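Here is the structure we will look at.
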Amino acid sequence: MFSIAIDGPAGAGKSTIAKLVAKELEIAYLDTGALYRGIGYYLNEKKVDVLKEEKVKEAIASYKVQLAFEEKQPQIYVNDSNVTAYLRTEEVGNIASKIATYSCIREKLLSVQQETAKKMDVVMDGRDIGTNVLPNANLKIYLTASVSERANRRYKELVEKGESCDIAKIEADIKARDKQDMQREIAPLRQAEDAILIDSSQMTIDEVVEQIVKEAKERKE
Ligand code: DC
């Protein structure tokens, strides 16, 4: 099986890029953040105090987390309910980042991710794919951009959706999320030694996709 790991901080454009790379190479795409978001959303719905690791551990012991590819789109199921449509809010992202610091959560999701890569050629994006989930991935990319560029992109995205937002708050949120993801004890976000660093601050989406597809094709040959 062929796998591409794309890691990087929040807002670096990983999911947009990973999706396009997968399409170009005609392989599956898995946004692993959606798994963390899925459990986070479900815990929140069930009124579990996500700030208390013990409560989370107790709750998820009986949870069943599943991934299904429906028309090539990954769908996340927690205890048989499809939570995919509810995951892309700032609130769920922040909950996901918090619970992603807990070992019980990371252990639970590790096998779901690794099993996927055993079954199909895949592009996976996340924080610890190249360092931890798929240490033998055929290609590893560390995709980043400056904090101000990431905040700007997020701001534009929200404005386009007609949502009111404050750029200073977005930038503060990004910094807080970077800190939480990079400084956690287990599987923190960092560039794998054998990953290619791409700083997309001054690059277009197409340029980034092109570079990754080229690297992938070279490795596939
Ligand atoms: O990529 P995202 O914003 O959807 O991810 C949400 C959170 O999930 C992120 O802040 C940290 C966590 N996460 C992780 O710890 N490991 C991954 N492979 C993917 C996401």
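The values are calculated or read from the model by the stated rules, or taken from the named source; none is laboratory data. Bear in mind that the values here come from a model prediction, so they are computed numbers and not experimental data. Every residue, glycine among them, receives a Cβ derived from its backbone with ideal geometry; neighbour counts consider all protein chains shown. Surface accessibility is based on the protein's heavy atoms, side chains included, excluding ligands, DNA and RNA. Shrake-Rupley method; radii C 1.70, N 1.55, O 1.52, S 1.80 Å.
Taking amide hydrogens as placed 1.01 Å from N in the peptide plane, the amide H of Ile196 sits under 5 Å from those of Lys140, Ile141, Tyr142, each at least 5 positions away in sequence or on another chain. In the context of the full set of protein chains, residues of the stretch 148-221 present 69 Å² of accessible surface per residue (probe radius 1.4 Å, heavy atoms only).
Sequentially through the stretch 59-74, phi angles give Karplus couplings (6.51, -1.76, 1.60; θ = phi - 60°) of 5, 7, 3, 9, 6, 10, 10, 10, 10, 10, 9, 10, 6, 6, 9, x Hz, Gly and Pro residues having no value and appearing as x. Size of the chain from its Cα atoms: along the principal axes, largest to smallest, the extents are 47, 42, 34 Å. Largest accessible area first, the listed residues Lys175, Lys47 line up as Lys47, Lys175 when surface is computed with a 1.4 Å probe on the assembled protein chains.
Ordered from highest to lowest accessible area with the whole protein assembly present and a 1.4 Å probe, Glu58, Glu70, Glu160 read as Glu160, Glu58, Glu70. For the pair Glu207 and Glu160 in one chain, pulling the backbone fully straight at 0.36 nm per residue adds 14.6 nm over the alpha carbon distance. Measuring nothing but protein heavy atoms, the accessible surface of the chain at 1.4 Å probe radius is 47 percent carbon and sulfur. Highest-first packing order for the peptide set 23-30, 37-44 is 37-44, 23-30, based on the mean count of other beta carbon atoms within 10 Å. Between Thr16 and Ile186, the FRET efficiency estimated from the beta carbon spacing at R0 = 45 angstrom works out to 0.95. Overall, the anisotropy analysis places the stretch 167-221 in the oblate class: the square-rooted eigenvalues a ≥ b ≥ c of its C-alpha gyration tensor yield a/c not less than 1.5, with a/b not exceeding b/c.
Note on Asp199 and Glu58: their simple-model spin labels are 4.7 nm apart, each label 7 Å out from Cα toward Cβ.
Can you give the relative contact order of the chain as a percent, counting alpha carbon pairs under 8 Å and 6+ residues apart?
33
Sorting the segments 182-188, 5-11, 161-167, 208-214 by their residues' average number of neighbouring beta-carbon atoms within 10 angstrom, most packed first, yields 5-11, 208-214, 182-188, 161-167.
Going by Cα centres, the stretch 14-31 and the stretch 145-183 are how many Å apart? The stretch 14-31 and the stretch 145-183 have Cα centres spaced 23 Å from each other.
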